[in-house]
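Report on the following structure.
The values are calculated or read from the model by the stated rules, or taken from the named source; none is laboratory data. Computed from a predicted structure; not experimentally measured. With ideal geometry, Cβ positions are generated from the backbone for all residues, glycine too; neighbour counts draw on all protein chains shown. Protein only, heavy atoms only, side chains kept; ligands, DNA and RNA dropped before computing areas. Shrake-Rupley method; radii C 1.70, N 1.55, O 1.52, S 1.80 Å.
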Amino acid sequence: MEVTRINDNAFQLTRFGLVNCYLVRENDGFTLIDTGLPGSADDILAAASAAGDPIRRILLTHAHSDHVGSVDALIAKLPAASVTTSERSLPLLKKPADKSLWPGEPNESFAGGLPGITTPVTHFVSDNELFGSLRAISTPGHIPGHFAFFDERDGTLYAGDELQSVVRLAINGWNPWYFQLPRWVMWSKKLCLQSARRLAEYPIQRYACGHGALCEDGPEALRKLIHKAS
């Protein structure tokens, strides 16, 4: 697993050159945003140990397998850690996943691995909640229940799969030809664009996506993508 230091607050952890999760430092230790693919637990724990703090919390952007794949393995080794996600993600984290749509949601299908977790969720994050240093932002579109998280200390947007930055920044649903996977499994392009418009209102300094390198661009970069997609 490749470890990239973002700043004093955070580290990007990358497996297979493509799948990211993030360690975000708080006063009492790390919040881990997503857990990567199955088999990532030992590398994540080693990265946290090398960075000098324990993992206290796991915060999930959404329920796809490359984001929740190591939750149970991590909690087996970190029994005191908490797990947080959105209430809407909970049925998608069941074994088997309940993909029933909720009232008012677009009647469109979505794909992607939904392996579920056995670990109980200890907190449901709500829209605009301040979770430690992270502002929680409801960003449905890629999948129901998707959230992004904005670090108000340094302007880092942890975008999950609302955006991707493989070679260049893109809104999922408007992916470049060489990285179509998030588009193939996504739910609603219309909601993805609406969510991108919400994110562009924040004073973003960099984009930390579920897939791709860190992107050191501000909100104007996202506004240009929104304009092209509209």
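Brief remarks on what is shown
- For region 1-82, the fraction of C-alpha pairs more than 22 angstrom apart is 11%.
- Eligible lysines near Lys95 by straight Cα distance, threshold 22 Å, same-chain separation 8 or greater: Lys77
- Binned Cα-Cα distance frequencies in the chain - 5 Å width, integer %: 1, 7, 16, 21, 22, 17, 10, 4, 1, 0
- Shape call, region 139-230: gyration tensor on alpha carbons, a/c limit 1.5: rounded
- Probe 1.4 Å, accessible area per residue of region 90-135, Å²: 59 Å²
- Shown for the chain: the carbon plus sulfur share of the solvent-accessible area, taken with all protein chains present and a 1.4 angstrom probe, equals 53%.
- Residues whose amide H falls under 5 Å from that of Gly141, counting only those 5 or more places apart or on a different chain, are His146, Ser188, with hydrogens built in the peptide plane.
- Computed log₁₀ I(q)/I(0) - Debye formula, equal Cα scatterers, no solvent, region 39-97, q 0.13, 0.26 Å⁻¹: -0.35, -1.18
- In loop segments of region 26-104 as defined by DSSP, the trypsin sites (Lys or Arg not before Pro) with at most 16 further C-beta atoms inside 10 Å of their C-beta are Lys94, Lys99.
- Comparing Cα centroids, region 1-65 and region 103-135 end up 18 angstrom apart.
- For region 79-156, the alpha-carbon radius of gyration amounts to 1.19 times the rule-of-thumb value 2.2 N^0.38 Å expected for a compact globular protein.
- ³J(HN,Hα) computed for each position of region 202-212 - Karplus, 6.51 cos²θ - 1.76 cosθ + 1.60, integer Hz, glycine/proline x: 8, x, 5, 9, 7, 10, 10, 9, x, 9, x
- Over region 36-110, relative contact order from alpha-carbon pairs under 8 Å, at least 6 apart, %: 31 percent
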